[in-house]
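Reading through the structure tokens given below for one structure.
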């Protein structure tokens, strides 16, 4: 059977496909934000990267606000993860100095 003649073919149209990608990407953006809010910056990077991939597969470019938001979140999370790692190293050094 040809997809165009199937009764459910409107569900699988390009427009609906892009719509679902956009919605799933938005959910992934929110999931990453929850991880980041809990201080799990490295873990937040994964759903944000997937969100960018899905936004792009829906036809959005890097200059779209949603893509920019995800890219900005990734940059901030990387910076915060680096700061958190430095703080852990500082704590370890202080403990070693106490011996």
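Just so you know, all these numbers are worked out from the coordinates, no wet-lab data involved. Just so you know, these numbers come straight off a predicted model, no measurement behind them. Note that we place each Cβ from the backbone using ideal geometry, even for glycine, and neighbour counts take in every protein chain shown.
Tabulated data
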item	result
Label-to-label distance, nm, for residues given as residue 79 and residue 27 (7 Å Cα→Cβ offset)	3.1 nm
Square roots of five times the Cα gyration tensor eigenvalues for segment 16-97, Å	33, 11, 7
Packing-based exposure ordering (other Cβ within 10 Å, fewest first) of 20, 48	20, 48
Inter-part distance where segment 63-86 and segment 29-54 are each reduced to a Cα centre, Å	9 Å
